[in-house]
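Notes follow the structure.
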Amino acid sequence: MKYRKFFIFLLVLISILFIYSKISETKKQALYERAVPIGQAYFMKYYGANIIFTKYELNTPVTEDIVLYGYVKEDQQIHVSLSININTFEPRNAMGPHDFIIKRNPPLE
């Protein structure tokens with residue numbers, strides 16, 4: 001009886017996580033399309049760079065962020081990424097080569 005309750009609990013928990021984590025491809029694409037202009041505006045405002053985003057990663061329910069990956073339009077060797085909260089659509093963390101990231105204006109404190 002004890003194992004049966006545990007098994008049922010585990011099955012319900014896995015089902016909930018599976019259902020929550022399965023965002024439809026249409027919704028993922030819509031999130032990506034909404035995040036891209038925000039990401040481009042962020043890099044233009046703080047780095048003066050035009051960014052071409054080429055792919056994204058969405059790891060729900062682990063995080064509530066979409067991570068955009070791309071490169072600087074004028075120098076395709078500079079690869080960057082930006083995490084954006086999918087609830088508020090606020091940029092959280094920009095990543096890229098050190099020489100590029102330290103050029104942020106104004107600098108992060």
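The values are calculated or read from the model by the stated rules, or taken from the named source; none is laboratory data. Computed from a predicted structure; not experimentally measured. So basically every Cβ, Gly included, is an ideal-geometry build from the backbone, and we count neighbours across all protein chains shown.
Among all positions in segment 36-45, there is at least one residue which is β-branched (Val, Ile, Thr), under 24 Å from Asn105 (Cα atoms), in a helix (DSSP H, G or I) and in contact with an Asp or Glu (Cβ under 9 Å, 6 or more places away or on another chain). Does Ile66 satisfy the criteria of being more than 26 Å from Glu25 (Cα to Cα), among the hydrophobic types (A, V, I, L, M, F, W, C) and in contact with a strand residue (DSSP E or B) (Cβ under 9 Å, 6 or more places away or on another chain)? Against the criterion (more than 26 Å from Glu25 (Cα to Cα), among the hydrophobic types (A, V, I, L, M, F, W, C) and in contact with a strand residue (DSSP E or B) (Cβ under 9 Å, 6 or more places away or on another chain)), Ile66 does not qualify. Which one is farthest from Val62 (Cα to Cα) among residues in segment 1-12 that are of a type outside the set (Lys, Arg) and modelled with pLDDT of 75 or more? Residue satisfying both the conditions and the ranking: Tyr3. I'd like to check something: does segment 79-96 contain any residue that is among the acidic types (Asp, Glu), on the phi < 0 side of the Ramachandran plot and not in a loop (DSSP other than H, G, I, E, B)? The answer is no; no qualifying residue exists.
Could you check, for segment 59-82, whether at least one of its residues is of a type in the set (Val, Ile, Thr), at pLDDT below 95 and exposed (fewer than 15 other Cβ atoms within 10 Å of the Cβ)? Looking for residues that are of a type in the set (Val, Ile, Thr), at pLDDT below 95 and exposed (fewer than 15 other Cβ atoms within 10 Å of the Cβ), one finds at least one in segment 59-82, hence yes.
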